[in-house]
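One structure is given here, and the rest of the page talks about it.
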Number of protein chains: 4
Amino acid sequence: MIIVMKKGASASEIQDITRKVGDLGFKDHVISGETKTVIGCVGSGDKARIKALVTAAGVESVFPVSKPYKLAARSSKQEDTVVDVNGVQIGGGACVVFAGPCSVETEDQINESARIVKNCGAHFLRGGAYKPRTSPYSFQGLEEEGLSLLAAAREKTGLPIITELLSPRHLPLVDQYADIIQIGARNMQNFSLLKECGKSNKPIFLKRGLSSTIEELLMSAEYIMSEGNYNVILCERGIRTFETAYRNTLDLNAVPALKQLTHLPVVVDPSHGTGRIDLVIPMAKAAIAAGADGIMCEMHPNPEVAFSDGPQSLNPDHFKQFMAEIQPFVKTSGKVFPS
Amino acid sequence: MIIVMKKGASASEIQDITRKVGDLGFKDHVISGETKTVIGCVGSGDKARIKALVTAAGVESVFPVSKPYKLAARSSKQEDTVVDVNGVQIGGGACVVFAGPCSVETEDQINESARIVKNCGAHFLRGGAYKPRTSPYSFQGLEEEGLSLLAAAREKTGLPIITELLSPRHLPLVDQYADIIQIGARNMQNFSLLKECGKSNKPIFLKRGLSSTIEELLMSAEYIMSEGNYNVILCERGIRTFETAYRNTLDLNAVPALKQLTHLPVVVDPSHGTGRIDLVIPMAKAAIAAGADGIMCEMHPNPEVAFSDGPQSLNPDHFKQFMAEIQPFVKTSGKVFPS
Amino acid sequence: MIIVMKKGASASEIQDITRKVGDLGFKDHVISGETKTVIGCVGSGDKARIKALVTAAGVESVFPVSKPYKLAARSSKQEDTVVDVNGVQIGGGACVVFAGPCSVETEDQINESARIVKNCGAHFLRGGAYKPRTSPYSFQGLEEEGLSLLAAAREKTGLPIITELLSPRHLPLVDQYADIIQIGARNMQNFSLLKECGKSNKPIFLKRGLSSTIEELLMSAEYIMSEGNYNVILCERGIRTFETAYRNTLDLNAVPALKQLTHLPVVVDPSHGTGRIDLVIPMAKAAIAAGADGIMCEMHPNPEVAFSDGPQSLNPDHFKQFMAEIQPFVKTSGKVFPS
Amino acid sequence: MIIVMKKGASASEIQDITRKVGDLGFKDHVISGETKTVIGCVGSGDKARIKALVTAAGVESVFPVSKPYKLAARSSKQEDTVVDVNGVQIGGGACVVFAGPCSVETEDQINESARIVKNCGAHFLRGGAYKPRTSPYSFQGLEEEGLSLLAAAREKTGLPIITELLSPRHLPLVDQYADIIQIGARNMQNFSLLKECGKSNKPIFLKRGLSSTIEELLMSAEYIMSEGNYNVILCERGIRTFETAYRNTLDLNAVPALKQLTHLPVVVDPSHGTGRIDLVIPMAKAAIAAGADGIMCEMHPNPEVAFSDGPQSLNPDHFKQFMAEIQPFVKTSGKVFPS
């Protein structure tokens, strides 16, 4: 931790701080600059306590030197984490596609979706049984029936399934049906839910919050990992900015930036990330070129009648084109598209 | 709903849309402009279904004319909602102060806090027993012990208490102890939790998410109200912007904007809203001048040793000054500071 | 400057940096932490050169300890700057109102505007002769004719005038007519223009850019001051955020934050800051409560037919109410409203 | 234009609006919905005048249906604009690289830069002679001497040069030396400067402002084009968001979104866009995959001693790697890398 004293801080104020730093179990290093004094604090005590010294007399600011995450950090594990789901590998040299409708709506709809996903060569079937909708009056999902329809579609196609968890109450059910448990953007800092996911033995697909920094995303991964579940997949899915031409601003910078900071796989969701079907293919290509380990994409047999997210779902023809167009970029990126 | 067709959309594309609009139970009104055709859709069907038509051939955009919230809307209830908590009224002509530490740490700490809050003339004691911390390694709260210490402090001072709920699992306990249940910014769109709060008979204090629009805040209030709990208090507590001079950017525009859109009380939290103790007093004054029904403020007997949020907590002397300085602005705003 | 070395940086990398720090005329202070090494650099050399060391082997990040502005800093001049314009003082204990239409449109319109501004008790007449419009097809201002109409209105009412400068080419004319020269938000980092303003002897009214930090605002003030013109008035006028309920998000946090950092007067413009006439009065009150030295407000004799900014201009009745309602807040803030 | 009346607007308020719409030369179409009345306005009059009706009694909001730009719109010119500079084509099927140092510093530095740029196979030499620096105390550029050094480097290598214009005063000189004139992000809405560029016969390279929407970028292009200069190249170079892990957030969504809206070439600058050398290569690849017509990249013979932007400049080895790594993505994107 670094403490910057105010210009003109008195000697006794500086002494007071070094004493407090010592009391908290840190060793101080005082640097007297041209106009300001800086105090470096070395030690492994509770850094939040050092931070609170910002309210002490003479202190201007306090900031950390170390990253606050440990298990998720690349520095603690050099090699990429590879999450194996029924033999399909996420991370490492592969690039995988998760596709399907926003919501499970009917048996026909999810079976038809699964068939298309499979035939086009994608690797995971997505579909929501519990839906986090902005309005209480919108379709909220089929709940357990949805989970069971997903499982039946897996039966038919062999595709592993990924579905969202909204509440600790649903964990036992979701855990039983899903191959991968998704935590949505709006729950990225639902720390109670993260802790419970840490106790599951299913991989967790953690989406970045709409206004979460990548450090906060890594801290949320750390919550899950600190409970013992190391199979965490990170997902960039668009952030909030002033731009209104797209529903969200897909932030591809996060891909190479995360790759440096962490060993966890990084997936990109251009459907939610842009909210515009016409941007899904170019942004998927770009995500792969930036180094993504996978793409999540919304596809619906008939988007015009979808119960949710119709405006950003590809139709089957468009999805086929999507799979065909991204493949050369996977290859150029030196990755493998599992067949 | 308004559907804007692309420049050059064909007659058959337009016909196709009007047919689909009819199928969804809406009546269409076609306006042929200089360059574009606009289709107004009148009816009370499912608007999300109209929205999905954006993926149909020839359609450029689709947007709503009506607000998506009903129970929370000023247009459905002209007079201000007044929430009565043990005789203290929130909303209407009063301005109330919620104060106390971020976390309940020890019996002495919360009792001393309560004493100061009471003596300085504030109206509610705040304190967290379950803490949503960015890091899994930070202090997570005393849990039930914290709730029971809060209750004891209420016993001693007569101050009603407000405390945060993080998980449906804790609802029975929190509901039993708290006078007001707080939903934090990070859980504003935890819809499962909101639904459960809708079944409680305790008032809900709902904080705006860090990147939530005020329409989303009202939709989250609608979730609670649609389950039958009409006692919702809204709280502006700072949004995420590019500015780094403050931890968050307190958005006071939300106060008069919300007052127009809703009948619910609006409280402002300048402690979290700015993250800087030196901005708390001026921004509290400004919030009151903008029309806030109350102020939430972090105060700790000794911020330098606080387990959490020390950097933004007022010390007792500073809090006394806070109460003295905001009072004249309450009066000038034509409101009453309950004594 | 503080240089943070990467975890695991080698001894020779650290030595290489300390050598380079020395070569640039700084003295190094090496602190060896638990996991990282930090190097404090003390000296008055070119800090940008230290910053470039971030590209050297083993370096993780480099950041400054001192503020980059000098003349604008409160630390270099404790007492508030008071700008005197024909006897009306801006800064210090006064709170002044700048009002008038967005654009000068006709002789009648500006004279009528000036009459209303004067009668309602405001202090400066604003009006644009050169207009920065988003579209090249929108009204671009009356140019010199507009300046001369403003001067005639000043003649009639005694109100000093403030008008915007867009280009160095117009400086001689604008300088001749205006009492205060305004630099708009979109030109806040038009450094060539700022330098020219630094050579004028008229006060400069500098508006914060839509996505400029307050440090950047102060750096732009520094550009003007470093050329010799110390009469700079800062203006907060709304920033860009994700919120779409208002045209911009007026950032009142900037008022007390700037007051700490600088001795220059701080004015707030709630008309541009919110883009909504119904928010102008509450946000003006809030700005005054937060410590603003003045309010700029758009008023038009008939907003419905305004050539520009009609949607955010108060009409005469509304402006009269504005002046009546803000006055008590000026008094409660301990300031004087020059009569 | 669409006018949405408030819920409960009276018949006379609606009549008043339709009369005013008629007075402004538009034809009205009234749609009476379940709760609100919507008025469509058809005609080619001044839309800003319709917009000002938002202040009239009973009106809730007013919004446009058409895009405000014309010459820049894809709908007015289907085929891509190809800008030819000394035989090198920008736009169409090519992907070009603009590279060089932030500032021209010395004869040796710019000659060495040009040599590397040429040898590595890039197409344009960039370098600033007039520098827009945040601080008045930073290096401001060599001015005419810089232009003349650039011209000498062009002489030696045959590389066409691109350099930034800051002020109308410098236009004659810059126009004489440069092959392409750059307008920087901070001047994107310096409308006086844009108009002057519209009178030059050199192509204009227009960078998106840090908080400018893509519609505003196109309106700024429209300013230049409306004065007769149709050779405009757009450049995405990062926007301001809450994320602090990168200096700016490069917004690649803008690439495919712009390609739909306009026929002008779109270039991406990952150096300024991220501010981090380690993100330049992955984000350049991603930009190409997203459909960019070119990449602008900062390269310096020795970044550690650069006068400006050292932290984001590639060194010669890194630049060589950059050119080698992006080439396969150009090919996979179906574009040609001019040799």
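Each value in this text was obtained by applying a stated rule to the coordinates, not by laboratory testing. Every value quoted in this text rests on a predicted model; they were computed, and no experiment measured them. Heads up, the Cβs are rebuilt from the backbone with ideal geometry, glycines too, and the neighbour counts pull from every protein chain shown.
Sorted from shortest to longest, the distances between the D:ASP46 label points of this copy and the other copies are 4.7, 5.1, 6.6 nm, with each point 7 Å from Cα along the line through the beta carbon. Take each residue of peptide D:52-58, count the partner chain Cβ atoms within 10 Å of its Cβ, and average: the result is 6. Modelled spin labels at B:LEU173 and A:LYS320, positioned 7 Å past Cα toward Cβ, are 5.6 nm from each other. Principal-axis analysis of the Cα atoms of chain C puts helix C:107-119 at an angle of about 80° to the longest axis. Between segment C:271-339 and segment D:101-147, the alpha-carbon centres lie 47 Å apart. Near the amide H of A:PHE205, within less than 5 Å, lie the amide hydrogens of A:ILE181, A:GLN182, A:ILE183, A:ILE233, all on another chain or at least 5 residues away, with H placed in the peptide plane.
Stokes-Einstein diffusion for segment A:83-332, with the hydrodynamic radius set to the Kirkwood value over Cα pairs and evaluated at 37 °C in a medium of 0.692 mPa s, equals 186 µm²/s.
About its Cα centre, the dipole of the protein assembly as shown is roughly 0 debye, where the only charges are +1 on Lys and Arg Cβ and -1 on Asp and Glu Cβ. With the label put 7 angstrom out from Cα along the Cα-to-Cβ vector, C:ASP278 ends up 3.4, 3.8, 5.0 nm from the copy partners, going from closest to farthest.
Note on chain B: helix-only mean residue ellipticity at 222 nm, from DSSP H runs of 4+ residues weighted -39500 (n - 2.57) and normalised by residue number, equals -10000 deg cm²/dmol.
Each residue of segment C:75-82 is assigned a 3J(HN,Hα), and the resulting list reads 5, 9, 7, 5, 6, 4, 6, 10 Hz, derived from the Karplus form 6.51 cos²θ - 1.76 cosθ + 1.60 (θ = phi - 60°), x at Gly and Pro. Partner shielding of C:179-189 amounts to 3, given as the average count of beta-carbon atoms from other chains within 10 Å of each residue beta-carbon. The Rg/Rh ratio of segment A:1-160, with Rg taken over Cα atoms and Rh as the Kirkwood radius over Cα pairs, comes to 1.32. Put simply, the amide H of A:GLN89, placed in the peptide plane, has no neighbours under 5 Å, leaving out anything fewer than 5 places away on its chain.
About the centre of its Cα atoms, chain D shows a dipole size close to 940 debye [charges on the beta carbon of Lys, Arg (+1) and Asp, Glu (-1) only; nearest 20 debye].
Taking amide H positions as modeled 1.01 Å from N, with prolines and chain starts lacking one, the residues under 5 Å from D:VAL97 and 5 or more places away or on another chain are D:HIS123, D:PHE124, D:ILE295. Using a 7 Å projection from Cα along Cα-to-Cβ, the label point at A:GLY121 is separated from the same position in the remaining copies by 2.7, 7.4, 7.6 nm, smallest value first.
Placing +1 on the Cβ of each Lys and Arg and -1 on the Cβ of each Asp and Glu in segment B:2-64, which of B:SER10, B:VAL30, B:ALA52 has its Cα farthest towards the positive end of the resulting dipole? Positive-end residue among those listed: B:ALA52. Stokes-Einstein, applied to the Kirkwood radius of the protein assembly as shown over Cα pairs at a viscosity of 0.692 mPa s and 37 °C, places its translational diffusion at 101 µm² s⁻¹.
For chain C, the longest principal axis of the C-alpha atoms and the axis of helix C:214-225 are separated by about 80°.
3J(HN,Hα) along segment B:189-205, derived from phi through the Karplus expression 6.51 cos²θ - 1.76 cosθ + 1.60 where θ = phi - 60°, amounts to 10, 8, 5, 4, 5, 4, 4, 5, 4, x, 9, 7, 9, 8, x, 10, 9 Hz, with x in place of Gly and Pro.
Legend: mean number of C-beta atoms from other chains within 10 angstrom of residue C-beta atoms, peptide D:22-34, equals 4. For the protein assembly as shown, what proportion of DSSP beta bridges, expressed in % and rounded to the nearest 5, is antiparallel? DSSP beta bridges in the protein assembly as shown are roughly 40 percent antiparallel.
Of all chain C residues, the closest to the C-onto-D rotation axis by Cβ, with that distance in whole Å, is C:SER211, 2. Average projection, convex hull of the Cα set of segment C:2-64: 3.5 square nanometres. Think of segment D:83-332 as a dipole: +1 on every Lys or Arg Cβ, -1 on every Asp or Glu Cβ, centred on the Cα centre; then among D:GLN109, D:LEU258, D:HIS318, D:LEU258 lies furthest on the positive end.
Each 5 Å bin from zero holds the following percent of Cα-Cα pairs in segment D:60-128: 3, 13, 16, 13, 12, 10, 9, 8, 7, 4, 2, 1, 0.
Each Lys or Arg adds one and each Asp or Glu takes one away; over the other residues whose Cβ falls under 12 Å from the Cβ of B:ALA57, this sums to -2. List, in the order given, every pair from A:LYS67/A:LYS195; B:LYS36/D:LYS6; C:LYS202/C:LYS331; B:LYS156/B:LYS199 whose Cα-Cα distance in the structure shown is over 27 Å. Result: C:LYS202/C:LYS331; B:LYS156/B:LYS199 exceed 27 Å.
Relative to the dominant Cα principal axis of chain B, helix B:144-157 is inclined by about 70°. The phi torsions of segment D:38-45, fed into the Karplus equation with coefficients 6.51, -1.76 and 1.60 and a -60° offset, translate into couplings of 10, 10, x, 10, 10, x, 10, x Hz, rounded to whole numbers, with Gly and Pro shown as x. Between D:ASP23 and C:GLU227, the simple spin-label model (points 7 angstrom out along Cα→Cβ) gives 4.4 nm.
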